[in-house]
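One structure, as structure tokens, below. Some questions next.
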Amino acid sequence: MEKLVNMFNDIYRNKRVLITGETGFKGSWLALWLHELGADVYGFSKGLPTGPCLFNLLDLRNKIKTRTGNINQLNDLIDTVNEIKPDFVFHLAAQAIVSESYANPVENFQTNVMGTINVLESIRLCDHPIAGVFVTSDKCYHNDEMDEPFKEDDPLGGKDPYSASKGAAEVVIRSYYHSFFQESRSVIGSGRAGNVIGGGDWAANRIVPDCVRSWSNNEQVVLRRPDAIRPWQHVLEPLSGYLTLGSKLKQSPDLNGQSFNFGPNPKIKHSVGDLVKSMATHWGQKSGTDTLFRVENEGILKESQYLRLDSQKAMNLLDWETAFNLEETIATTTNWYKDFYINKLDAYDLCKRDIDFYSKKSLSQ
């Protein structure tokens, strides 16, 4: 862990860190990582989002201090932040599934926009200096399908409810910075990550858990857009970006209010279908590639064809860079599930193994 500690200047040790959405996929990985870094970790979420749930498998309830609450309830958030007085807040709680945003658009906007406002307001009203990292999405940009990597100053937008809610959240964050945080003792920033994969994700309508569920039952995977290009990255990559941003916000006030992309090399283009085929090789699927998946009609669900991120700003200003190449990302992810389901290894040991591997890769760069 030496390299990872150095990456964050050991800033999280013995610090109070609040994570909203700590029971989710990324939230559970982040909570474990911060716990391993010696932080005093708190969580705020409305419950377990999936079954199985990585949060339970990691026994995080006995490693961190978690509270049940809803980010749509402002007063609960204000009371929690005022009581904990965290040094850092990582806002991950969100409605994170594109298909769900079509099924329940009002709840999608309520959670992703008003929930973000409530977290910002809680930090604003707290008398303790806080560094707040707000996690949005690579889908926050207005996508004109030109297949050019998005930069942080590109127009925000979104044609589907999920993307629009993430673009709106970024507008809100920018507004709060200019209105309230320029002269505040607290500082804020946002992180826009690519399509995150990794062990321990069991959400519905996500490509990796869909593959694992289907292949475990000798079934084809159902895909909506096998030709869609996405910025695939292992979950530890953006988390390292969020942690780096949090540490640098405390040290460099000039980063206050800024947004950063955290994505893989934009020159490497891999489609949904490419990812599934690569995963199948590591999983040991014997079927030919033409039988691995089938395509079903999208209905009203529309998603972008091209999505890539330019992370040069994070590389230049935060000294952040990726550690895994695409093959390592896919292999590490697939092997996690194989070792969990087939070899019956413990989820904590698997996650700790991946963090250690990531550390060694970072150290070698």
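Distance in nm between label sites at Asp227 and Asn56, each 7 Å beyond Cα in the beta-carbon direction?
4.2
Okay, moving on. Which FRET efficiency value, to the nearest 0.05, do you get for Ser175 and Asn316 by plugging their Cβ-Cβ distance into 1/(1 + (r/R0)^6) with R0 = 22 Å?
With R0 = 22 Å, the Cβ-Cβ based efficiency is 0.30.
Note the full-extension length gain between Lys63 and Asp346 as 0.36 nm times their separation in residues minus their Cα-Cα distance, in nm to one decimal.
Full extension from Lys63 to Asp346 adds 100.3 nm.
Output ³J(HN,Hα) for region 87-104: one whole-Hz value per residue in order, computed from phi by the Karplus curve 6.51 cos²θ - 1.76 cosθ + 1.60 with θ = phi - 60°, and x for Gly and Pro.
Along region 87-104, the couplings run 7, 9, 10, 10, 8, 10, 4, 6, 8, 10, 10, 4, 4, 5, 5, 6, 6, 9 Hz.
What is the set of long-range amide H partners of Val187 at a cut-off below 5 Å, with H atoms built 1.01 Å from backbone N?
Residues meeting the amide H criterion: Ile130, Ala131, Gly132.
Another one. Probe of 1.4 angstrom, ligands and nucleic acids ignored: what's the accessible area per residue over the chain, in square angstrom?
Accessible surface, normalised per residue, equals 42 Å².
Something else about it: Tell me, what ³J(HN,Hα) does each residue in region 234-242 have, in order and in whole Hz, if you take phi through Karplus 6.51 cos²θ - 1.76 cosθ + 1.60 with θ = phi - 60° and put x for Gly and Pro?
Taking θ as phi minus 60°, the curve returns 5, 4, 5, 5, x, 4, 5, x, 4 Hz for region 234-242.
Step through the residues of region 264-275 one at a time and calculate ³J(HN,Hα) from phi using the Karplus curve (6.51 cos²θ - 1.76 cosθ + 1.60, θ = phi - 60°), rounding each to whole Hz and writing x for Gly and Pro.
Going residue by residue, I get x, 4, x, 6, 8, 9, 10, 7, 4, x, 4, 4 Hz, with x marking Gly and Pro.
How far is it, in nm, from the label point at Arg13 to the one at Glu145 when both lie 7 Å from their Cα along the line to the Cβ?
If labels sit at Arg13 and Glu145, their model points lie 5.3 nm apart.
So who's got an amide H within less than 5 Å of the one on Thr66, skipping anything under 5 residues away but keeping other chains? H placed 1.01 Å off N, in plane.
HN-HN under 5 Å from Thr66: Gly43.
Right, here's the next one. What residues qualify as long-range amide H neighbours of His142, i.e. H under 5 Å apart, gap of 5 or more or another chain, H built at 1.01 Å from N?
Correct list: Leu156, Gly157.
What distance in nm separates the simple spin-label points at Glu121 and Asp79, each placed 7 Å from Cα in the Cβ direction?
Simple spin-label model gives 1.6 nm for this pair.
Of the residues Asp138, Asp160, Asp201, which exhibits the maximal mean-square fluctuation in a Gaussian network model of the chain defined by a 10 Å Cα contact cut-off?
Asp160
Now for a different question. For Phe181, what charge total do you get from the other residues with a beta carbon under 11 Å from its beta carbon, if Lys and Arg give +1 and Asp and Glu give -1?
+2
For the chain, what proportion of DSSP beta bridges, expressed in % and rounded to the nearest 5, is antiparallel? Walk me through the numbers on the way to the answer.
Details: 3 of 37 bridges.
So the antiparallel bridges amount to about 10 percent of the total.
The values are calculated or read from the model by the stated rules, or taken from the named source; none is laboratory data. It should be emphasised that the depicted structure is a prediction, and the values quoted were computed from it without experimental measurement. In this analysis, Cβ positions are derived from the backbone assuming ideal geometry, glycine residues included, and neighbour counts consider all displayed protein chains. Only protein heavy atoms, including side chains, enter the accessible area calculation; ligands, DNA and RNA are left aside. Shrake-Rupley method; radii C 1.70, N 1.55, O 1.52, S 1.80 Å.
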